[in-house]
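Bear in mind that the values in this text are calculations on the coordinates, not laboratory data. Values in this document were obtained by computation on a predicted structure and should not be read as measured data. Note that each Cβ is placed from the backbone with ideal geometry, even for glycine, and that neighbours are counted across all protein chains shown.
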Amino acid sequence: MAGGKCLALIAHDQKKDDMAEFARANRDILSRWKIVATGTTGGRVLDAAPDLDVTRLKSGPLGGDQQIGALISTGEVVALIFFVDPLTPMPHDVDVKALMRLAIVYDIPMALNHATAIKLLPTLEA
Ligand SMILES: O=C(CO)COP(=O)(O)O
């Protein structure tokens, strides 16, 4: 879908400002990567850092988490950076859980908050 090795970026609604700031602050490192993102997150990332190579998939509740899970299963995702909102119930909670499960099954690095993401990102080799 995205072709080649890529980084996956996702943020829940309450974390999208954090993700936009993360993308802006780390745009130099992120620019070395192909990025896949769920739909709304990808739009926010591109607004914050327009030069990044971002492929926008479906929005999370409409299947975007599952699309990223599929890319993990085919070996295309090097790492998952997913800013999760732990305080809001979501209709697609099962999709979120399934995505995290696949990241564990395929043993890819997975950062679920900003503090971990900023430590993980510089350690990845593009
Ligand atoms: O819901 C999401 C992840 O579970 C994210 O989807 P959006 O980026 O489209 O908001």
Practice item. Check each of the trypsin sites (Lys or Arg not before Pro) in the stretch 34-126 and keep only those in coil by DSSP with at most 16 other C-beta atoms within 10 angstrom; list them in order. Key: LYS58
Point to revise | 27 Å Cα-Cα reach of LYS119 towards lysines, excluding residues that sit fewer than 8 places from it in its own chain | key: LYS5, LYS15, LYS16, LYS34, LYS97
Review point. How many nm is it between the label spots at ILE29 and THR123, if each spot is 7 Å from the Cα in line with the beta carbon?
Key: 1.1 nm
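Tell me, what is the percent relative contact order of the chain, built from C-alpha pairs under 8 Å that lie six or more residues apart?
Numbers: 211 pairs, mean separation 36.4, N = 126.
Averaging sequence separation for qualifying contacts and normalising by length gives 29 percent for the chain.
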Study note, to complete from the structure: Within the stretch 9-25, the residues whose backbone N lies under 12 Å from a label point placed 7 Å from the Cα of ILE108 along the Cα-to-Cβ direction are 9-10
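What is the extension gain from SER73 to ALA115, computed as 0.36 nm multiplied by their sequence separation minus the C-alpha to C-alpha distance, in nm to one decimal?
On the way: separation 42, 0.36 × 42 = 15.12 nm, distance 2.60 nm.
Fully extending the segment from SER73 to ALA115 adds 12.5 nm.
What full-extension length gain, to one decimal in nm, is calculated for LYS97 and ASP51 as 0.36 nm per residue of separation minus the Cα-Cα distance?
On the way: separation 46, 0.36 × 46 = 16.56 nm, distance 3.10 nm.
Here the segment from LYS97 to ASP51 would lengthen by 13.5 nm.
With viscosity set to 0.692 mPa s at 37 °C, what whole-number translational diffusion coefficient in µm²/s follows for the stretch 1-116 from Stokes-Einstein and a Kirkwood radius over Cα pairs?
Details: Rh = 13.7 Å.
Rounded to a whole number, D works out at 239 µm²/s.
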